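The values are calculated or read from the model by the stated rules, or taken from the named source; none is laboratory data. Not measured: the values here are computed from a predicted model. Counting neighbours? That spans all protein chains shown, and the Cβs are built from the backbone with ideal geometry, glycine included. Heads up: the accessible areas ignore ligands, DNA and RNA and are worked out on the full protein's heavy atoms, side chains in. Shrake-Rupley method; radii C 1.70, N 1.55, O 1.52, S 1.80 Å.
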Amino acid sequence: MNSYIPFGNLKKQYEFLKPEIDKAVMRVLSSGWFILGKEVEGFENTFAQYCGAKYCVGAGNGMEALQIALMALEIGEGDEVITTPLSAAATSLAISHVGAMPVFADINPKTLNIDPDEIEKKITPKTKAILPVHLYGRVADMKRIMEIAHKNHLYVIEDVAQAHGAKFDGKKAGTFGNFGVFSFYPSKNLGAYGDAGGLITNDETLAKKARVIRDYGQDGRYNHVVIGLNSRLDEIEAAILSVKLSYLDTWNFLRKKIAEKYNSGLQGFPMILPKEEANHVWHLYVIQTDRRDLLQKYLDEHGIASQIHYPKVIYQQSAYHFLNIPKGYAPYAEEAAEKILSLPIYPELTEEETDYIIETIKNFFTHGARRI
Ligand SMILES: *Cc1c(COP(=O)(O)O)cnc(C)c1O
């Protein structure tokens, strides 16, 4: 390989989409209408339809979309929300921003998703909601989670920021809970060319509340009924997302092909490989190894980018030191954080590049490791 393999390649994606994207962006620019117009409405409708949900509400980004969902469900001060400690910090930050308390339930080490048994252990009289994350593109156990929620009268907000198009029991991720919340950050499976997010729901009242909250709490112009946010999806981003949505299934298929290639090529080495599932959308391909840091360095030296999602569980971030959560609180999540490594996986990654990554990892475990 004579060039460095990056962790993502949005430049290559844009080159492929250029005619369509340019046309969509120019359409918005010449329309003279940039905030909450027909592009946003059009994307909301097609995305809701794609997900099999009744309503979609565009938002400024994924974290604020989570905040909007929590606010629409009137979750705040004094309330607890059970979530996973192995996620993007944004998941917990949103809970904190509405004044509620994130309560961390450990993961299932086989899936790295939140463990329903652990959720049950964390329920208190203050618990208002469960906020599972469909980590790396794999849907959490929504059957068990919904059963627990019904039994305990809890709301469910699904963080679908890494699982656009994933399915569980024949239904799309995000349609099980009261809200499914998406980020359209550029590197997500469906990403804008800037910040963007959105929510889906089947509940008309909740959809309306979310629409009000995202736009200064206005119900009609200059009629402010709640202390809302400014978290609107831009017309330009909506136009871009509408173009990209038509490629999402193809892109998810290409990601799956790469994951399959990794899974067969990397077998038999001292690593834990992610288990394949029919409807996994492979936002990330994450292996686990005791020699993670050495492997990452070796890959970098051989021209391959890799990342760690995430190097610390959320409660070990200094922003959350005030919670005083001791080491060993969620042992499986803590252990995973020390072993996980995300390899490049994106539709633009070529077969040749994938083969090279596989060969390099094999070399690390057969020769490279001995040298170190
Ligand atoms: C990306 C991401 C978010 C945050 O989305 P932003 O659009 O960056 O605010 C939230 N949760 C998860 C799981 C994510 O991957």
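Using only protein heavy atoms and a 1.4 Å probe, report how much of residue 26 is accessible, in Å² to the nearest 10. Spelled out: residue 26, probe radius 1.4 Å, area about 110 Å².
Over the C-alpha atoms of segment 43-112, the Rg to Rh ratio, Rh being the Kirkwood estimate, stands at 1.04. Enter the Cα centre distance for the pair segment 61-116 and segment 147-224, rounded to the nearest angstrom. When both Cα centres are located, 13 Å separates them. Take the alpha carbon atoms of segment 308-342, find their center, do the same for segment 251-282, and report the distance between the two centers in whole angstrom. Cα centroid to Cα centroid, the span is 25 Å. Rolling a 1.4 Å probe across all protein chains gives residue 251 an accessible area of roughly 20 Å². PRE reach from residue 367 (point 7 Å along Cα→Cβ): which of segment 254-295 fall under 17 Å by backbone N? 295, by backbone N distance to the label point.
Computing the accessible area with a 1.4 Å probe over protein heavy atoms, can you report the carbon and sulfur percentage for segment 234-372? Could the numbers behind the result be given before it?
Values: 3260 of 6440 Å².
Percent of accessible area from carbon and sulfur atoms in segment 234-372: 51.
Report the net charge of residues surrounding residue 330, where surrounding means a beta-carbon distance below 9 angstrom and charges are Lys +1, Arg +1, Asp -1, Glu -1.
Numbers: positive: none; negative: 106, 118, 334.
Spelling it out: positives minus negatives among the neighbours equals -3.
Derived value for the chain: Kirkwood hydrodynamic radius 21.3 Å. Basis is the mean of 1/r over every pair of different alpha-carbon atoms.
Per residue, the accessible area of segment 200-354 comes to 48 Å², computed with a 1.4 Å probe over protein heavy atoms only. Heavy-atom accessible area with a 1.4 Å probe sorts 16, 176, largest first, into 16, 176. With all protein chains in place and ligands, DNA and RNA left out, the 1.4 Å accessible area ranks 153, 134 as 153, 134, largest first.
Could you tell me what fraction of 2.2 N^0.38 Å the Cα radius of gyration of segment 1-155 comes to, as a two-decimal ratio? Display every interim value, and only then the final one.
Working: Rg = 19.5 Å, N = 155, 2.2 N^0.38 = 15.0 Å.
So segment 1-155 has a normalised radius of gyration of 1.31.
The trypsin sites (Lys or Arg not before Pro) of segment 9-72 that meet both conditions, a loop assignment by DSSP and at most 16 other Cβ atoms within 10 Å of the site Cβ, are 54.
Taking every alpha-carbon pair in segment 268-327 and binning the separations at 5 Å intervals from zero gives 4, 13, 17, 19, 17, 16, 11, 4, 1 percent. Rolled with a 1.4 Å probe across the full set of protein chains, the surface gives residue 325 an accessible area near 40 Å².
Quick one: net charge around residue 70, please, counting Lys, Arg +1 and Asp, Glu -1 for every other residue with C-beta under 15 Å from its C-beta. Can you show the working numbers first?
Values: positive: 126, 128, 209, 214; negative: 64, 74, 77, 79, 80, 158, 159, 203.
My count for the surroundings of residue 70 gives -4.
When the Cα positions of 238, 150, 162 are compared along the charge dipole of segment 83-239, 150 comes out farthest toward the positive end, with charges on each C-beta of Lys, Arg, Asp and Glu. Are any of the pairs 122/172; 18/167; 54/171; 110/327; 151/171 more than 18 Å apart by Cα-Cα distance, and if so, which? Checking Cα-Cα distances, 122/172; 18/167; 110/327; 151/171 exceed 18 Å.
Taking all pairs of different Cα atoms in segment 200-245, averaging 1/r and flipping that mean, what Kirkwood radius in angstroms comes out?
11.7 Å is the Kirkwood radius here.
For segment 1-153, the relative contact order works out to 16 percent when only alpha carbon pairs closer than 8 Å and six or more residues apart are counted.
Mean sequence separation of contacting Cα pairs (under 8 Å, at least six apart), scaled by the length of the chain, corresponds to a relative contact order of 22 percent.
Heavy-atom accessible area, probed at 1.4 angstrom with all protein chains present, ranks 20, 64 as 20, 64, highest first.
Please list the equivalent ellipsoid semi-axes of segment 1-90, computed as the square roots of five times the alpha-carbon gyration tensor eigenvalues, in descending order and whole angstrom.
Values: eigenvalues 197, 120, 30 Å².
After diagonalising the Cα gyration tensor, the semi-axes are 31, 24, 12 Å.
Taking every DSSP helix (H) stretch of at least 4 residues in the chain, weighting each as -39,500 (n - 2.57) and dividing the sum by the residue count yields a mean residue ellipticity at 222 nm of -12000 deg cm²/dmol.
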